[in-house]
Amino acid sequence: MKVLLSTQVYPPELQATAQMVRELAQDLSARGHQVTVLTGFPHHNRGRLYEGYARRLRLTEQEGPVRVVRAWHMVSPSSAFSSRALVMLSQAVGQLLAGLLEEGHQAVVSFGPPLAGPLTASALARRNGAALLTVIYDIYPDIAVEMGALRSRALIKALSSLEQLTYRASDRLVVLSEGLRQRLLQKGVPREKTEVLPVWLSQEEIQPQGRINAWRQRMGIAPEMFVVLHAGTIGLVSGAQVLLQAASLLRRFGDMLFLFVGEGRLKPLLQRMAQEAGLGNVRFLPFQPRQWLSQMQACADVSVLTLLAGRGQTSWPSKLLAYMAAQRPVVASVDADCDTARTILASGSGLVVPPGQPQALAQAILRLYRDAPLREEMGRRGRQYFLEHFERRKATARFAALIEELSRKR
């Protein structure tokens, strides 16, 4: 079977979705399918092309049995909503034009960009008479509206119409949690048209290691420092300001370091806040090469994730998988009724506190700071839960079975 995967991000970009699409392509190929990945040129989160890439209409790469087709699109360093929307729209158009040269696919899977990406994939699926799976990790335009980035009623109405068109055009909508499925059901999507397939991570990608390691030494982090780690995308919905506020409350503990590793639209604001507050216990690092991920995660004594109030219903931070895989306890500042909180509590892998409450977050971190046996037990439970529910081979096998089922029905 020929399968076309359309995606907004793909390696060498470092987002979790980029790596998951590559792994799905590899595992589909291992099952005997011919896989083509349709994507753009790497530019996230830099706003400029990665070194080694130049502007061109189309570029075809070969990664073992997987073909990667990169299509032209706009690139902008601006973080403004309008600029980002234009980049995503141009990427969808570029992929549509490049995808018209790809023929004979029995299945098309869309991983974005939001709204425009699934419509592009729908056109390509129709042209080939193929099944269409749309993967929804964030619900648009809801997020943009709730964050205040989108206020025009006319534009909201237009984008909502595109959203509904996306749902109707898809043979199946794949979401990563039951909470996101409920949001779709509230929008009138039939339950039988939805499928919950969680994000995944290879157990070889991040393995438990000792907290004192080569990466820690390279970064100059002293062995005695208690590291509170926030690793991954630092997006607006994260509300990660609360972690800076907790760091301020805990600044009297001289052996405690709050370490942010990653990039995102919120990072410049956090850096300014830390500098203005004189927080010497806070440090920022960029995304790290994949070969260092296990050691980077292992340097943590506690790993933290945060979401703004209400955002847990439309987002599920993939950084949680890395924390659990690394066998580190988690402190989550999220809504108690969201899927992220339910996963942490069901697994026994950490503590959950209300979002936007730095005092509660600081107290949870302090509790684990003072209780090494509890940290060890929570880390062990998290790793076991990860292996049972989020390991790559189990997850991609379910994804592949769904693709094959829909293709047979077609």
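The values are calculated or read from the model by the stated rules, or taken from the named source; none is laboratory data. What you are looking at is a predicted structure, and each value in this text was computed from that prediction instead of being measured. Note: ideal-geometry Cβ built from the backbone for every residue, glycine included; neighbour counts use all protein chains shown.
Applying the condition of being touching a Pro at 6+ places or on another chain (Cβ under 7 Å) and touching a residue at least 40 places away in the same chain (Cβ under 8 Å) to the stretch 145-168 and asking which residue is nearest to residue 83 (Cα to Cα) yields 150.
Selection of first residues in the stretch 95-115 that are within 20 Å of residue 407 (Cα to Cα) and of second residues that are in a loop (DSSP other than H, G, I, E, B) and among the hydrophobic types (A, V, I, L, M, F, W, C), restricted to Cβ pairs under 6 Å at least 6 apart or on distinct chains, gives the following pairs, ordered by first then second residue: 105/130; 106/1; 106/130; 107/130; 108/130. Residue 135 meets all of the listed conditions (1) part of a helix (DSSP H, G or I); (2) under 18 Å from residue 108 (Cβ atoms) but one, namely (1). The number of residues in the stretch 379-397 being over 14 Å from residue 201 (Cα atoms) and either touching a helix residue (DSSP H, G or I) at 6+ places or on another chain (Cβ under 8 Å) or in the same structural domain as residue 23 (by TED's automatic domain parsing) (or both) comes to 1. Please go through the stretch 276-302 and give me each residue that is in contact (Cβ under 8 Å) with a residue 24 or more places away in the chain and either exposed (fewer than 15 other Cβ atoms within 10 Å of the Cβ) or in a helix (DSSP H, G or I) (or both), ordered by number. Scanning the stretch 276-302 gives 277, 280, 285, 286, 290, 292, 293, 294, 295, 296, 297, 298. For the stretch 319-372, a residue qualifies if it is closer than 22 Å to residue 179 by Cβ, buried (at least 20 other Cβ atoms within 10 Å of the Cβ) and out of contact with any strand residue (DSSP E or B) (no Cβ under 8 Å at 6 or more places or on another chain), and the qualifying residues are 335, 338, 339, 343, 347. The set of residues in the stretch 104-146 being modelled with pLDDT under 90 and aromatic (Phe, Trp, Tyr) consists of 137, 140. Taking the stretch 69-108 as the range and being farther than 27 Å from residue 235 by Cβ and surrounded by fewer than 17 Cβ atoms within 10 Å (Cβ to Cβ) as the test, the residues that pass are 97, 100, 101, 103, 104. Residues in the stretch 339-349: is at least one on the phi > 0 side of the Ramachandran plot and not assigned by TED's automatic domain parsing to the domain that holds residue 135? Looking through the stretch 339-349, at least one residue is on the phi > 0 side of the Ramachandran plot and not assigned by TED's automatic domain parsing to the domain that holds residue 135. Here the condition is being of a type in the set (Lys, Arg) and under 28 Å from residue 398 (Cα atoms); of 193, 157, it holds for 193 alone.
Pairs linking a residue in the stretch 132-144 that is in the same structural domain as residue 168 (by TED's automatic domain parsing) to a residue that is acidic (Asp, Glu), with Cβ atoms under 6 Å and 6 or more positions apart or on different chains, are 132/171.
For the stretch 316-354, a residue qualifies if it is assigned to a helix (DSSP H, G or I) and either of a type outside the set (A, V, I, L, M) or under 20 Å from residue 235 (Cα atoms) (or both), and the qualifying residues are 319, 320, 321, 322, 323, 339, 340, 341, 342, 343, 347.
Take the conditions closer than 30 Å to residue 31 by Cα and over 20 Å from the mean Cα position of the chain (by Cα) and apply them to residue 71. Does it pass? Judged against the criteria, residue 71 is a match.
Within the stretch 253-275, residues that are farther than 16 Å from residue 232 by Cα have Cβ atoms under 6 Å from residues that are of a type in the set (Phe, Trp, Tyr) in these pairs: 255/226; 256/226, counting only partners at least 6 apart in sequence or on another chain. For the condition in a strand (DSSP E or B) and either surrounded by 24 or more Cβ atoms within 10 Å (Cβ to Cβ) or out of contact with any helix residue (DSSP H, G or I) (no Cβ under 8 Å at 6 or more places or on another chain) (or both), residue 17 does not qualify. Of the helices (runs of 4 or more DSSP H) contained entirely in the stretch 145-242, those carrying at least 3 residues that are under 30 Å from residue 256 (Cβ atoms) fall at 214-218.
Residue 255 passes every criterion in (1) closer than 20 Å to residue 329 by Cα; (2) surrounded by 19 or more Cβ atoms within 10 Å (Cβ to Cβ) apart from (2). Scanning the stretch 206-252 for residues that are surrounded by 23 or more Cβ atoms within 10 Å (Cβ to Cβ) and either at positive phi or not assigned by TED's automatic domain parsing to the domain that holds residue 352 (or both) yields 206, 232. Within the stretch 303-315, the set of residues being in a loop (DSSP other than H, G, I, E, B) and buried (at least 23 other Cβ atoms within 10 Å of the Cβ) comprises 307, 315.
Scanning the stretch 231-264 for residues that are closer than 12 Å to residue 284 by Cα, aliphatic (A, V, I, L, M) and more than 16 Å from the chain's Cα centre (by Cα) yields 244, 257, 259.
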